[in-house]
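*Asks:* One structure, as structure tokens, below. Some questions next.
The values are calculated or read from the model by the stated rules, or taken from the named source; none is laboratory data. Bear in mind that the values here come from a model prediction, so they are computed numbers and not experimental data. Cβ placement follows ideal geometry from the backbone for every residue including glycine, while neighbour counts extend to all protein chains displayed. Quick note on the areas: whole protein, heavy atoms, side chains included, nothing else; ligands and nucleic acids left out. Shrake-Rupley method; radii C 1.70, N 1.55, O 1.52, S 1.80 Å.
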Amino acid sequence: MLLLLFRVGDERYGLEASQIVEVVPLVCLKMIPQSPDYIAGLFDYRGRPVPVIDLCRLGSERSCKVCMTSRIIMLNYGVENGPRRILGLLAEQVTETVKRDPAALISSDISITAAPWLGDLVKDSEGMLQLIDVDGLLSKTVQTSLFSAES
Amino acid sequence: MDIKDCWNQIGVRARVDERCPKLERVIHCHNCEVYSRASRSILEQDFPADYQQQWADVYSREEPTLQASRFSSLIFRLGDEWFALAAQLIDEVARIKPIHRLPHVDSRIVKGLVNIRGELKICVSLSDILGLENASVSKVGEHVVFARIIVAHADDGQFVFPVSEVHGLHQYQEEELEGVPVTVSKATATYTVGMLKWKDRHVACLDNELLFYSLSKKLQ
């Protein structure tokens with residue numbers, strides 16, 4: 001399977017490419033007042049508002065750097081009992097894809113309640129990189145607040 | 001930004017005896033991860049002015065729907081006039097070959113027999129069907145012109161006809177097909193479904209069904 005690599009803080013992460021619609025540059029986003037700090041804002045994507053999650057905020061204490069390699073990964077996101085939506089993920093150093101055998105995935109065996117979006121691990125020459133489990137990214141309450149208005 | 005350009009110091013660009021040991025494995029600096037990491041770090045910089053806003057504008061627009069060209073036709077020349085014939089009917093464009101005349105056959109339509117890949121085929125004259133005058137006159141412009149033989153197929157068999165020149169394929173949309181102007185000579189207009197604009201001239205798009213129908217009628 002093809003993985004898109006990026007960094008969150010100093011750690012390397014990957015996302016399965018089959019879920020990705022498009023990778024776009026870090027554009028101007030519309031801030032959402034009173035939203036959790038890991039929601040970077042709303043992206044006017046082809047005429048429809050798409051919420052963008054700042055993965056750095058989710059995985060570390062700071063926001064993503066504003067630079068050319070920070071990009072927004074647009075991915076198909078399945079809301080429970082609802083149609084598929086598009087969700088934007090903002091990450092750093094989105095510059096590389098690698099091919100990995102799905103059999104080479106190692107289950108992390110650690111489930112952290114605060115970070116249910118951590119998935120399996122992949123080993124490579126630079127060490128371990130962790131896959132993002134898309135379904136665990138948003139808690140149910142955030143899901144409904146972000147997407148309920150559209151449905 | 002601090003980039004250590006080892007490819008200039010000990011890599012393939014360096015004029016020194018002592019080379020990077022990694023070269024034995026990667027052969028060229030282009031294949032080395034140090035090189036690709038350095039190139040990626042060039043992107044680790046601030047946005048140029050207006051960059052974010054420009055991209056925001058690009059993505060706020062509706063996605064442009066790319067319309068694929070739905071029609072394709074072969075453009076060729078008969079004498080002084082250019083014609084287009086639907087590309088899916090063309091089997092082959094062959095080099096001009098000797099055409100063996102047949103005795104006691106109307107030589108205006110049937111030019112004779114021609115050998116196409118070991119098969120003898122009846123070679124017809126498209127210019128006579130279309131009522132073109134002086135079709136044999138080949139106008140040589142600035143470039144070298146090669147006469148060709150086109151092998152096309154219809155529902156009831158193949159047709160082989162010589163042309164003065166073949167340009168190649170041209171793709172177009174249905175709406176690009178314009179009506180036939182009244183000034184076009186009557187015989188040609190009958191076999192034309194529309195005019196195509198190609199380069200700076202108009203090309204008559206041939207009605208293949210009617211053309212091949214009347215061809216097979218005349219051959220009987």
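*Asks:* Could you work out the helix-only [θ] at 222 nm for the protein assembly as shown, with each DSSP H run of four or more residues adding -39,500 (n - 2.57) and the total divided by the number of residues, to the nearest 500 deg cm²/dmol?
*Replies:* Calculated from helices alone, the mean residue ellipticity at 222 nm is -4000 deg cm²/dmol.
*Asks:* Name the residue from B:GLY118, B:ASN31, B:ILE3 whose Cα lies farthest towards the positive end of the charge dipole of chain B, charges +1 on Cβ of Lys and Arg and -1 on Cβ of Asp and Glu.
*Replies:* Most positive-ward Cα: B:GLY118.
*Asks:* In addition: For the protein assembly as shown, can you list the cysteines whose C-beta has no other cysteine C-beta under 4.7 Å from it?
*Replies:* A:CYS28, A:CYS67, B:CYS6, B:CYS20, B:CYS29, B:CYS32, B:CYS123, B:CYS205
*Asks:* Mind listing which GluC sites (Glu not before Pro) in region A:55-151 are in a DSSP loop and have 16 or fewer other Cβ atoms within 10 Å?
*Replies:* Numbers: sites: A:GLU61, A:GLU80, A:GLU92, A:GLU96, A:GLU126, A:GLU150; in loops: A:GLU61, A:GLU80, A:GLU126, A:GLU150.
Sparse-neighbourhood loop GluC sites (Glu not before Pro): A:GLU61, A:GLU80, A:GLU126, A:GLU150.
*Asks:* Moving to a separate point now. Which residue, chosen from A:SER35, A:VAL134, A:LEU90, occupies the Cα position most advanced towards the positive end of the dipole of region A:2-147, where the dipole is computed from +1 (Lys, Arg) and -1 (Asp, Glu) charges on Cβ about the Cα centre?
*Replies:* About the Cα centre, the residue reaching furthest to the positive side is A:SER35.
*Asks:* Cα centroids of region A:11-39 and region B:1-43: how far apart, whole angstrom?
*Replies:* So the separation of the two Cα centres works out to 33 Å.
*Asks:* Of A:LYS65/A:LYS140; A:LYS99/B:LYS22; A:LYS30/A:LYS123; A:LYS99/A:LYS140, which pairs sit farther than 30 Å apart, going by alpha carbon to alpha carbon? Can you show the working numbers first?
*Replies:* On the way: A:LYS65/A:LYS140 28 Å; A:LYS99/B:LYS22 23 Å; A:LYS30/A:LYS123 37 Å; A:LYS99/A:LYS140 32 Å.
Going by Cα-Cα distance, A:LYS30/A:LYS123; A:LYS99/A:LYS140 fall outside the 30 Å limit.
*Asks:* Collect residues whose amide H, placed 1.01 Å from N in the peptide plane, falls under 5 Å from the amide H of A:MET74; neighbours closer than 5 in sequence don't count.
*Replies:* A:VAL21, A:GLU22, A:VAL23, A:VAL24, A:LEU89
*Asks:* Where does each of B:GLU165, B:GLU119 land when they are ordered by accessible area, with a 1.4 Å probe and the largest first? Walk me through the numbers before you get to the answer.
*Replies:* Values: B:GLU165 25, B:GLU119 105 Å².
Reading off the accessible areas and sorting them downward yields B:GLU119, B:GLU165.
*Asks:* I would also like to ask the following. When the accessible area of each residue in region A:77-123 is compared between its chain alone and the complete protein assembly (1.4 Å probe; ligands, DNA and RNA ignored), which residues differ by at least 40 Å², being lower in the assembly?
*Replies:* The answer is A:THR95.
*Asks:* Helix B:208-219 sits at what angle to the longest principal axis of chain B, using alpha carbons and giving 0 to 90 degrees rounded to 10?
*Replies:* Roughly 40 degrees, rounded to the nearest 10.
*Asks:* Still on this structure: Considering amide H positions built from the backbone, and no H for Pro or chain starts, which residues 5 or more places from B:LEU177, or on another chain, come under 5 Å of its amide H?
*Replies:* Residues meeting the amide H criterion: none.
*Asks:* Moving to a separate point now. Could you compute how much accessible area chains B and A hide from each other, both sides summed, with a 1.4 Å probe? Nearest 100 Å² is fine.
*Replies:* Working: alone 15380 and 8510 Å², together 22060 Å².
That pair hides around 1800 Å² of surface in total.
*Asks:* Going from most exposed to least, what order do A:LEU131, B:LEU43 have by accessible area with a 1.4 Å probe? Could you put the intermediate results ahead of the total?
*Replies:* Values: A:LEU131 20, B:LEU43 60 Å².
Ranking A:LEU131, B:LEU43 by accessible area, largest first, yields B:LEU43, A:LEU131.
*Asks:* Pull up all non-local amide H partners of A:TYR45: gap of 5 or more, or a different chain, and H-to-H distance under 5 Å with H placed in the peptide plane.
*Replies:* Result for A:TYR45 returns A:VAL50.
*Asks:* If you place +1 on the Cβ of every Lys and Arg, -1 on the Cβ of every Asp and Glu, and leave all else neutral, what size is the dipole of chain A about its Cα centre, to the nearest 20 Debye?
*Replies:* The dipole magnitude comes to about 460 debye.
*Asks:* Give me the 1.4 Å probe accessible area per residue for the protein assembly as shown, excluding ligands and nucleic acids, in Å². Provide the component values of the computation, followed by the final result.
*Replies:* Numbers: 22060 Å² over 371 residues.
It amounts to 59 Å² per residue over the protein assembly as shown.
*Asks:* With θ set to phi - 60°, apply the Karplus curve 6.51 cos²θ - 1.76 cosθ + 1.60 along region B:85-98 and write out the HN-Hα couplings as whole Hz, x wherever there is a Gly or Pro.
*Replies:* Working through the residues one at a time gives 10, 3, 5, 5, 8, 7, 8, 7, 10, 10, 5, 5, 10, x Hz.
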